[in-house]
């Protein structure tokens, strides 16, 4: 593998590069959302795109999520490939009907006649002291719905490659960015690349315990891996990259090797990707496990505002390390 | 504001009849289409009672002139989207009654292969984008269809056809949907972005069992609501297909030329209940009889009799539509039920091979696009790996 020209860019730049490259490649692709054009994006993800593509393809919408999400779905049924930015996934809840009742069901309900090639993207997850209404992790809530694909990148490189795949995908894709990660810098090649859905990445190789993690939690799990190495515990961290499709094979392969599994998922525990992974591992690796699958989630409460409470609310390094030790009978 | 119909004290709409004549053959065809829809719906009611049709079933009896008159004013390339009282629109748009009936029977021969049912009629060939079951949800979709046609015509094909928007979307809703937020959000977007869409409110006076004045402000003149969204509001008599056609033709031509949205208060009346289980206790028999005297099929028949339609002609049409609908029922009856393997079909575009549900190892990734930088060896056959 030769990578000629690596550069370091921010997560937000990686997302923008993916969108811009795909818009240059395909006229059917356009971006709409609140403040995406003249304001250059509430989080500057779409900075400069209005200048390049003009107001017909980079479209400021009013604060009207239900309306513009539905409008974009209608446009996708007609054959366009819209990218819809939710300033935050927390605001997508007022658009629940179009994004859950229309987009993922159109293909099925029409007997295969009308698909919905659309990307919904925006910030997901707590961590900015925004209080309960603005701190949603929608993974658990939305991954319950068949017909959607859900992407949750942990770094700039993956964000770009997965976004390009999302835009070319023929099904509705929910792309979960993290406001906490937007300024993260990482190596991204100049050359074009795509990352397929449903293929986890081994972010850290290890032999004692598999940590299955999603999105921003991968980075915290990696820190834990370094810390636990000092205690003689070798963690393998799997960056799942996508929740639907879920790369079951990579999880199973890793857990069969390590015999222990901890899942780190920032959504609530009840009916979540974490519980789905636990069910999968218990079924497929029953005879390989030395302990039950341990799960680390956000606390089962509304997200608090106070900084210390919010940090305790989220899966953090301490809780993840405790879970790994407990899983290995080392606590 | 051009008002092509006026209301009298009892709420009934009296058509103005200063429109040009339509050719006899065209008008006769409209009569046939309306009678076909009527017969189709009567047979649906029977089939529902016989438990051949499941779920919810909303029949269009009384409103036939709306679907036939509005759709006659469009071209085949103009997209249409509607709510759950959708059989009439599907038939008026040209869907074969066999496919419409088989959908209601839940058979593989249905327009959506038995996956949609009565409320979800889809027909790509005829540019019918559904049939939608959630009240009002289809209006943002309709505005999106108009967004897409305009984008295709003016952005993607900027160097063809003068780069001018040239399709018109019809998005239907009932008066019961008027108070859904999504409808107002969509009207705002349509006005804001100059989208070529006609939002047609089939105002039959009842939101299920709630009369319009009990649930809607300005219920006596809902077209005024459009003003707030910068769009023209028009009232049309939806009980007279000729009036409906001419009024809609003007609007369709105007939207095709200007790419500006229009809102229509289409005055009509649903002769039957909201759905099959509705005892209609919320209105009087006298009111129903008053409207039944203005039955749109009777109105057109009377008009055509003045132009020479004979009783034999009428009987011949009646015989033909009965045979057509009967044949559609026989066809639906004989159409197989969907195979159980279809349960997992059309959830995704299936780029990963057959989908069988989550947490099943079959839902794996990566078959199509080669991953250049993946840490995992993609050359391993993952399914074989699991055996």
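Okay, here's what the table says:
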item	result
Flag for residue B:157 being farther than 23 Å from residue B:91 by Cα, touching a helix residue (DSSP H, G or I) at 6+ places or on another chain (Cβ under 8 Å), surrounded by fewer than 24 Cβ atoms within 10 Å (Cβ to Cβ) and more than 8 Å from chain A (Cβ to nearest Cβ)	yes
In region A:195-221, the residues that are in a helix (DSSP H, G or I) and either away from every other protein chain (no Cβ under 14 Å) or surrounded by fewer than 23 Cβ atoms within 10 Å (Cβ to Cβ) (or both)	A:216, A:217, A:219, A:220, A:221
Filter pass, residue A:181 being over 18 Å from residue A:281 (Cβ atoms), outside the structural domain of residue A:237 (by TED's automatic domain parsing), touching a residue at least 24 places away in the same chain (Cβ under 8 Å) and under 14 Å from the mean Cα position of the chain (by Cα)	yes
Selected residue (criterion: nearest to the chain's Cα centre (by Cα)) from residues of region A:98-146 that are more than 22 Å from residue A:167 (Cα to Cα) and outside any loop (DSSP other than H, G, I, E, B)	A:140
Residue within region B:43-63 that is buried (at least 24 other Cβ atoms within 10 Å of the Cβ) and in contact with a strand residue (DSSP E or B) (Cβ under 8 Å, 6 or more places away or on another chain) present	yes
Unmet requirement for residue A:39, which otherwise passes all of (1) over 19 Å from residue A:76 (Cα atoms); (2) not in a loop (DSSP other than H, G, I, E, B)	(2)
Qualifying residue in region A:55-66 (condition: in a loop (DSSP other than H, G, I, E, B), more than 9 Å from chain B (Cβ to nearest Cβ) and either in contact (Cβ under 8 Å) with a residue 40 or more places away in the chain or under 20 Å from residue B:155 (Cα atoms) (or both))	yes
Top-ranked residue in region B:322-345 [being within 14 Å of another protein chain (Cβ to nearest Cβ) and assigned to a helix (DSSP H, G or I); ranked as surrounded by the fewest Cβ atoms within 10 Å (Cβ to Cβ)]	B:341
Boolean, residue A:84 is crowded, with 23+ Cβ neighbours inside 10 Å, in contact with a strand residue (DSSP E or B) (Cβ under 7 Å, 6 or more places away or on another chain) and in contact (Cβ under 8 Å) with a residue 60 or more places away in the chain	no
In region A:28-45, the residues that are within 14 Å of chain B (Cβ to nearest Cβ) and without any contact (Cβ under 8 Å) to a residue 24 or more places away in the chain	A:37
Any hit, region A:107-124, residues being under 20 Å from residue A:216 (Cα atoms) and out of contact with any strand residue (DSSP E or B) (no Cβ under 8 Å at 6 or more places or on another chain)	no
Residue that is nearest to residue A:64 (Cα to Cα) [pool: residues in region B:111-139 that are within 7 Å of another protein chain (Cβ to nearest Cβ) and out of contact with any strand residue (DSSP E or B) (no Cβ under 9 Å at 6 or more places or on another chain)]	B:137
Of residues in region A:255-285 being within 11 Å of chain B (Cβ to nearest Cβ) and buried (at least 24 other Cβ atoms within 10 Å of the Cβ), the one nearest to the chain's Cα centre (by Cα)	A:273
In region A:97-129, the residues that are without any contact (Cβ under 8 Å) to a residue 40 or more places away in the chain and out of contact with any helix residue (DSSP H, G or I) (no Cβ under 8 Å at 6 or more places or on another chain)	A:101, A:108, A:109, A:111, A:112
Yes/no for residue B:88 being surrounded by 23 or more Cβ atoms within 10 Å (Cβ to Cβ), free of Cβ contacts under 8 Å to residues at least 60 places away in the same chain, away from every other protein chain (no Cβ under 14 Å) and outside any strand (DSSP E or B)	yes
Any hit, region A:1-24, residues being buried (at least 19 other Cβ atoms within 10 Å of the Cβ), within 29 Å of residue B:229 (Cβ to Cβ) and within 14 Å of chain B (Cβ to nearest Cβ)	no
Matching residues, region B:184-207, being buried (at least 24 other Cβ atoms within 10 Å of the Cβ) and within 9 Å of another protein chain (Cβ to nearest Cβ)	B:185, B:186, B:187, B:189, B:190, B:195
Filter result for the condition that a residue is closer than 17 Å to residue B:52 by Cα, in the same structural domain as residue B:203 (by TED's automatic domain parsing) and under 15 Å from the mean Cα position of the chain (by Cα), over B:95, B:119	B:119
Residue match in region A:167-175 (condition: in contact (Cβ under 8 Å) with a residue 24 or more places away in the chain, touching a strand residue (DSSP E or B) at 6+ places or on another chain (Cβ under 8 Å) and away from chain B (no Cβ under 14 Å))	yes
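Yes or no, residue by residue, for (1) outside any helix (DSSP H, G or I); (2) more than 30 Å from residue B:201 (Cα to Cα); (3) modelled with pLDDT of 95 or more; (4) within 14 Å of chain A (Cβ to nearest Cβ):
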position	(1), (2), (3), (4)
B:263	yes, no, yes, no
B:276	yes, no, no, no
B:315	no, yes, yes, no
B:363	yes, yes, no, yes
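The values are calculated or read from the model by the stated rules, or taken from the named source; none is laboratory data. Note that the structure is predicted; figures quoted are calculated from it, not measured. When we count neighbours, we look across all protein chains shown, and the Cβ atoms used for this are built from the backbone with ideal geometry, even at glycine.
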